[in-house]
Amino acid sequence: MKYFIGIDGGGTKTDYLMTDDHGNVCAKAAAEGSSYLMIGIDGVADQFEQKVSQCLLDSGAARSQIAGIAAGVPCLGENPEADRQLVAAVRARFSGMPLYICNDAEVGWAGSLGLASGINVVAGTGSIAFGKNGAGQSVRTGGWSTFFGDEGSCYWLGRKTVELFAKQFDGRVPKNKLYDIIMTKFDVTTPMDFIALAEKEYAPDRSKVASLQRYLLAAAVAGDASAVKLYDRAADELGMMAVAAAAKIRQPGERLGVTLSGGLSHAKQFVMKHFERWVDCFDGYMTEAAFSPVEGAVLLAADQFSKEDIEAIKHGLKYRENMEDEIKCL
């Protein structure tokens, strides 16, 4: 029996999935985020080794039975020296095992598109787009930096939310639902109260800043036109990523599928229509995600080391998902 292990690294959480060569789930694990910026290079390598060992123990499989491991790592590809050290540290923990290491955006693409030609745009805490065409050419757009990137993400919208509140408070733009929501939620009486709260409790934590976007959503649902316009701007930023990616990989006559994933999906009613206009620019088409990111990592492992098993794994994973859906409906 052959086994595959997928690792979907993230800034706040890392998922592990082990399947056999028919897509049957043999083990799962989860851990904290695996960004080397947060836990260090050795911290990432140690976590990967510990959780993969846990999967082997839980499944009863031997290291020699692992046909492939694919690990999606946050921030990979952004610093050549850090990349070299990180890859070396992780490979040292898995000596002799077939290992593919990539940016976590690639496992997101592999899951969303099921390894098919297309582009996955991620709008979670941060934002990034990754795509591949039928010839295997890949591209990545966005995701540059917290300082000058992540446009259209929940973090970006969280910052824009408090910016819009400040403008409504001042009267630079008309007061609307967002003003009322934040005044009530945070019991604001003076600008200084809110500045102190925002800078002390929120500004140092990207995830907490991203969470502020939920107040923007509440305002948009309540009819705040300025909140809706911010979602239009987010859709434009994400759409530009998709268009730029398509311009680099789209082959003549090729139609690229596009998925939009991440935490912003809960605000789809204010994002999707605007985003789809950008996809129409390159004759792409919107599609629902085929698999989860960690399942995408398993598929990537098979794609790299055992292509003959890909379809069986896809079938097994999809059958399991369908069965779970049926159980939920009972």
Which of the residues that make up segment 127-151 are open to solvent by 20 Å² or more (accessible area, probe 1.4 Å), assigned to a loop (DSSP other than H, G, I, E, B) and small (Gly, Ala, Ser)? GLY134, ALA135, GLY136, SER145
When every residue in segment 237-266 that is in contact with a Lys or Arg (Cβ under 9 Å, 6 or more places away or on another chain) and within 13 Å of SER153 (Cα to Cα) is compared, the one modelled with the highest pLDDT is GLY239
Failed condition for GLN47, given (1) closer than 23 Å to ASN120 by Cβ; (2) among the polar types (S, T, N, Q); (3) crowded, with 17+ Cβ neighbours inside 10 Å: (1)
Of the conditions (1) touching a Pro at 6+ places or on another chain (Cβ under 8 Å); (2) in contact (Cβ under 8 Å) with a residue 60 or more places away in the chain, GLN168 fails just one. Which one is it? (2)
Among (1) buried (at least 22 other Cβ atoms within 10 Å of the Cβ); (2) at pLDDT 95 or above, TYR36 falls short only on (2)
Do you know which residues across segment 76-88 are surrounded by 17 or more Cβ atoms within 10 Å (Cβ to Cβ) and in contact with a strand residue (DSSP E or B) (Cβ under 8 Å, 6 or more places away or on another chain)? LEU76, LEU86, VAL87
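Condition check ((1) within 30 Å of ILE119 (Cα to Cα); (2) in contact with a Pro (Cβ under 6 Å, 6 or more places away or on another chain); (3) surrounded by fewer than 19 Cβ atoms within 10 Å (Cβ to Cβ); (4) at pLDDT 90 or above) across all residues:
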| residue | (1), (2), (3), (4) |
| --- | --- |
| VAL188 | no, no, yes, no |
| PRO191 | no, no, yes, no |
| PHE194 | no, no, no, no |
| ASP205 | yes, no, yes, no |
| VAL228 | yes, no, yes, yes |
Tabulated pairs, segment 14-29, first in contact (Cβ under 8 Å) with a residue 24 or more places away in the chain and over 15 Å from LEU299 (Cα atoms), second open to solvent by 40 Å² or more (accessible area, probe 1.4 Å) and assigned to a strand (DSSP E or B), C-beta under 8 angstrom, 6+ apart or interchain: THR14/ALA30; THR14/GLU32; LYS28/ASP15; ALA29/ASP15
For segment 157-175, give me each residue that is within 32 Å of the chain's Cα centre (by Cα), open to solvent by 30 Å² or more (accessible area, probe 1.4 Å) and not β-branched (Val, Ile, Thr). ARG159, LYS160, GLU163, ALA166, LYS167
Quick check on my filter: what residues within segment 52-75 are surrounded by 13 or more Cβ atoms within 10 Å (Cβ to Cβ), under 23 Å from SER306 (Cβ atoms) and either in contact with a helix residue (DSSP H, G or I) (Cβ under 7 Å, 6 or more places away or on another chain) or of a type in the set (A, V, I, L, M) (or both)? VAL52, LEU56, ALA61, ARG63, ILE66, ALA67, GLY68, ILE69, ALA70, ALA71, GLY72, VAL73
Run down ALA219, ALA210, ALA235 and say which single residue is under 16 Å from GLY126 (Cα atoms), touching a Leu at 6+ places or on another chain (Cβ under 8 Å) and surrounded by 15 or more Cβ atoms within 10 Å (Cβ to Cβ). ALA210
Single residue of segment 260-289 satisfying the filter (under 22 Å from LYS229 (Cα atoms) and hydroxyl-bearing (Ser, Thr, Tyr)) that is farthest from the chain's Cα centre (by Cα): SER265
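The values are calculated or read from the model by the stated rules, or taken from the named source; none is laboratory data. Values in this document were obtained by computation on a predicted structure and should not be read as measured data. Positions of Cβ are backbone-derived with ideal geometry, glycine not excepted, and every protein chain shown enters the neighbour counts. Each accessible area value is taken on the protein alone, full model and side chains, heavy atoms only, with ligands, DNA and RNA left out. Shrake-Rupley method; radii C 1.70, N 1.55, O 1.52, S 1.80 Å.
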